[in-house]
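Only one structure is covered here, and it is reproduced in the block below.
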C-alpha cells in the first residue's frame, strides 16, 4: 500500500471530513462526509491513494459508532468528485502496482454499500469517473439540477470505470443506459450529461435545485429513513441484455475496428454485471484495470489528454502574451464560404465589428447573407438570444472596397490559393490599414515569407490556418514567416485563444503540419492503388489504427480537386517524397466526389479510374509503407524545426485530423510499433516504461 | 385604487441564529445565502402562493455592503429562484429593519400597490461587525446633538439604568436568567423548531453541516452565575454580556398579504395588522424607544395597554425591557411578556429580529385563542422605538 502512495508523491489529497448532522424531524444523527481537496472549484477533488485512505479512515470512524442512523457523502462547493488522480499512473511500472490501485478503490468504495446503516450520496456538483462510482456504491443518491457534468469518461482515456462502475451502473439503470454512459458518451467527444438528465436516466433517486440542494437532500433522506418516501428501482438483471451488448459491439467495431481495448473491456464487464456476484464483478474490474494500466493505449491516452488540456493552452514558442495588441475591428477579404464562416466566428467570439469585402456585389451580399442566416439558425436553436442575434448581425457587414478596413486591427484574407493573387491583396491592404494592423492569411500551403515579400511592413504578416468546418475544428496552425515579429505573433495567439481554438506555432514550411502529413499518408495509399493494389485492400489497410475515417473517405471529405492541388504543391516542394497521382487527376477530371458515391457506397466507375496497376501490395505492405512514410516525414519536419517537438505534431493530428487518443496522435504509436527508429519520445512518456 | 385594505401576516420563518465569530455556526456562510434559504422555505411552506404573485421582496440589513449589499431584497429574490418579474429592495432601520420591512410593505398593501409581499431581514454580524464602515458626522458631538455614548449600545443601556434607578443589576440578571429558562422550555416543548429553516453550513475545516437550532441559548443559566460577569461598559456598571443580547448571525422572513388576497389564494392568515408606529427618543437612552412608539400605536388603534394579551419585546438589553414594563406597570415576570423567552437567549442579528418577534407572536396566538391583541416592539439605535399591534385571527371572541 505504501508503495502506491509513493508513486503518487505529488497527490493533492482529497480529505474525507466527517461531521454529525441532526436530520430533520428527529430521525437521528447522520455522519455527513465532505470530500474536499482544500482548493477552490477550479481544482476539483480527485482520488489518489492517500485520498482513498482518508475516506477509509472516515468510514472506520463511522463504522465504529452505534448512534448513527445513516451516512452521507457530499462534495465541496460545485464539485462532488471527479474521479481518480491519474498523475501517478505514468510512474506505474509493475502490474502488481496497477492491480493494487483497483483493489484499493474497491476496498474503500464498497464499504459505502456495506455499512450497517443506509448511505446517501448527495451529488452537489461535477461527478465524474471514480466520483460517480463512489456515489453508485451508496444506498441512495440525490443530485442537484445544477450539476454541469456527470460522466464516466474512462473509456475516453483508455480505461474502464473499474471502481465498481461497470458492475453497479448496469444493474441500476439497465444495460442500454449504462452502455450510453460508459461507452457511447466517452467515445462521442467525451460527452457529459447534466444533473437533471442523470436523474432522468435513473442515476439518482431524487433531484433538487442547487439553491438549497443539501438542505432538501437531508430532508429527503430523513423522509426515506422515516419510511415516508419509498425508493423503488426496477430489476434489470432478469432481462435479456444480449441485444444491447451486441448493438454496442457493432458500434465499437464500426468506430474503432478493435483499435482501442478499453471500450471492449468495458462492454465485457457490463455484460458480466448481469450475473456476477459483487466479488466476482469487482475482481474482474481489478484485472481489467491492471491490464489497461499496463497497456500502451492508456498511456498514450493520458499523454494525449495532457496535450489537449495543457500544451494546447500554453503553446510552445508563443511570445509573451503581454505583447498582444487589442483587436477592436476585424476585416475579412473575400466573401466565400470559408470567409463567411470565419466572419461569424470572429463576430461571436471577439464581439467586435467584422467587415467582409469582395469586388463583386452579388458575392458580397451572398456572403453577408450567409452569416446572417447562420445567426438566425443559432437563434432558432436557442444558442443565442434575440438581442444577441441582433448584436451579431449588426457586427457583420460587407463592403465593396477595402477602405472599410482603415480602422481594423486584424485583417485576414481567404482569397484564391495563389501566391500572386494573395500578394496583390496584401499590398492593397497595406495601402489602407494602419502600420500595426495584423495581416493574416488563411493559406493552407503557401509560403508566408514569400507572401510578405515586398511589403512595407512584412513583420505584421502571419499565417492563421483554420480547419474546415471553421466553427467546429479546434485547431489553428499559426505560421511565423521569416520577418513576422513577436507582437504580431502574440496578437495571433491571443486572437486564437479568444476564438477558443487551440493554437500551435508552425514554421513557414509547405502545407504546415496536418495537411503535410495527411497528404503524405494519402499519397502512399493512393500510390499503392496506382500500382495495382485493390482499392478496398489499400483503403482498409490501416483500419487497425482506429482512425476516424479511411484514406479514401478522407479524400472524399476534402474533395479530390483540393487534395490534388495540395499534392501538386507538395510535389513541387519535395518531389522525392510527394508524387502526383495521374489517376487522382483523372478522378478530378471526371467530376466525381471521390471513389465512393455520395452515400459512401463503392462507385465502380470511379474505382475503374484507378485500375491498371501491375504490382499489387498486401494490406500489411500498404500499412507499413504508409506508417514508415509518416515516420520519415515527421522526422524531417522535426529536423527542419517545423514545430518545437513531437508533442506538437501529435497535438495537431489529434485536434486537426481527429486522430485518436489511443495512438497518442501518432508518434507514440510509431514508437510502440517499432516503426520509429530511433523513438520520437522517450519510453514512459506515452507508453509503459520498460 | 382602494384607499385601504386589511393586511395580514401569513407565515414567518427564520434560520437558526448563530454566534458571530470565527468559530460560529455561520462563520463561512454568506448572509445572502441565509436570506435565500428563508425565501425558498416560505414558498415551500405556502404552496398556494404562486411565486409570480409575490409583488415585492423587502429585506433589511443594517450594513448594506458585500454579501448584504447589492439591494439584497432583489438579489436574494433572483438567487432564490423567484421569477425575474418579482422586484425587491433593501431597507434599513438598524435593529428594527425587518419590522420596518413589514410595515413598509404593509403600507403598500393597504394602499393597493401590492397584493402579497415577502419581508424580512438579515444580519451577519460576524462578516459585518456593528459599526462597519460608519462615518458619524462630527457635528453630532461638536454641537452636542447627541451624547458621546449614543453610538455605543451598551453605554445607552447603562444610561437607561441611570434613568430608572429602581431597575438594578439584580433585576436585570434575574430577567435574563428567566429568558434563558423560557427559551429552554420552549425548545423542549417544540415551540421554536417549527419555524426554523434548517440551513446548510460549511467550514473548510469541518466540512458541510446543518444548522438546526440556535447557537446562543445557555440553558441552566443562573442569577448567581450572571452576577459574576464583568460590566464592560462601565466600571461597577450593570450591563453584562449575560443580561444583554449577543452578537449574532441570522435571517428572517415572512409573507404579508392583503386579507382578501390571502383568502383568494387560500393562504392561512394568522394575524391582522392593527396599527404600527415608530417614535424617536434621545439617542443616548435609545432603550426607552418602545414606550412612545407603543403609546402611539395604541392610540392609533384605539386600544389601551390592558387590551394587549401578549407582548413580544426584543431583549436588546434586559434593562430596556424592564423600563418598558415599569412604564406600563407590568410585572417583570408577567407571563404575557415573551412567553418563549427572547433575544437575551436566542440572540439578536440586528436587522432580522423584528420578524422573529412576529413569527413567535403568531405561534403564541395559535395557542391562545383567548387572546385578541398582541404587540411586537423593539428599541432602535440612534434613539428610536418601533411597535406593531396585531390581532389574533384565531381569537374566539368574547365568551
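Readers should treat all values here as calculations from the given coordinates under stated rules, not as data from a laboratory. All values reported here derive from a predicted model rather than from experimental measurement. Please note: Cβ atoms are built from the backbone with ideal geometry, for glycine as well, and neighbour counts cover all protein chains shown.
What is the ratio of the Cα radius of gyration of segment A:321-507 to 2.2 N^0.38 Å, with N the residue count, to two decimals? Walk me through the numbers on the way to the answer.
On the way: Rg = 15.4 Å, N = 187, 2.2 N^0.38 = 16.1 Å.
Taking N as the residue count of segment A:321-507, the ratio is 0.96.
So what's the angle, to the nearest 10 degrees on a 0 to 90 scale, between helix A:646-656 and the longest Cα principal axis of chain A? Between the helix axis and the principal axis of chain A, the angle is about 90 degrees.
Here r is the Cβ-Cβ distance between residue A:608 and residue A:373 and R0 is 56 Å; the resulting FRET efficiency, rounded to 0.05, is 0.90.
Taken along the Cα-to-beta-carbon direction at a fixed 7 Å, the label points for residue A:601 and residue A:424 span 4.6 nm.
Measuring between their Cα centroids, segment B:1-78 and segment A:94-159 lie 37 Å from each other. For segment A:80-224, taking Cα atoms only, Rg and Dmax work out to 15.2, 49 Å respectively. Here the spin labels are modelled as points 7 Å beyond Cα on the Cα-Cβ line, and at residue A:250 and residue A:287 they lie 2.9 nm apart.
Working note: 222 nm ellipticity from helices only, DSSP H runs with n ≥ 4, each -39,500 (n - 2.57), summed and divided by the residues of the protein assembly as shown, gives -12000 deg cm²/dmol to the nearest 500. Between the Cα long axis of helix A:337-350 and the first principal axis of chain A there is an angle of about 50°, rounded to the nearest 10.
Residues of segment A:330-364 falling in the label zone of residue A:400, defined by backbone nitrogen less than 17 Å from a point 7 Å along Cα to beta-carbon, are A:334-335, A:356-364. Legend: calculated FRET efficiency, residue A:320 to residue A:624, from the Cβ-Cβ distance at R0 = 51 Å, rounded to 0.05, equals 0.70.
Just checking the output field for A:27-35: average partner chain Cβ neighbours within 10 Å of each residue's Cβ?
Numbers: counts 0, 0, 0, 1, 0, 5, 2, 7, 2.
Mean inter-chain Cβ contacts per residue within 10 Å come to 2.
Between the alpha-carbon centres of segment B:326-361 and segment B:183-199 there is a gap of 15 Å. Put the Cα centre of segment A:303-341 next to the Cα centre of segment B:86-141 and the gap is 51 Å. Spin-label model, residue A:279/residue A:561: points 7 Å from Cα along the beta carbon direction are separated by 7.0 nm. Per the Kirkwood formula applied to alpha carbons, segment A:2-294 shows a radius of gyration over Rh ratio, Rg over Rh, of 0.95.
Put in line by how crowded their Cβ is, counting other Cβ atoms within 10 Å and starting with the fewest, B:350, A:115 read A:115, B:350.
Where the convex hull is taken over the Cα atoms of chain B, what is its projected area averaged over directions, in nm²?
On the way: hull surface 78.9 nm².
Computing the convex hull of the Cα atoms and averaging its projections yields 19.7 nm².
Computed from the C-beta positions of residue A:531 and residue A:194, the FRET efficiency with R₀ = 56 Å rounds to 0.60.
Judged by the mean number of other Cβ atoms found within 10 Å, the most tightly packed of the peptides A:328-336, A:466-474 leads the ranking A:328-336, A:466-474. Name the residues of segment B:206-220 whose amide N is less than 20 Å from a point 7 angstrom out from the Cα of residue B:44 along the C-beta direction? Output list for this probe position: B:208-215. Pairing the Cα long axis of helix A:278-293 with the longest principal axis of chain A, what angle in degrees results, from 0 to 90 and rounded to the nearest 10? Approximately 30 degrees, to the nearest ten. Quick one: go through segment A:127-141 and flag any residue whose amide nitrogen is under 12 Å from the point 7 Å out along the Cα-to-Cβ line of residue B:212. Inside the label zone: nothing. Calculated from the alpha-carbon coordinates, the protein assembly as shown shows an Rg and a Dmax of 37.1, 122 Å respectively.
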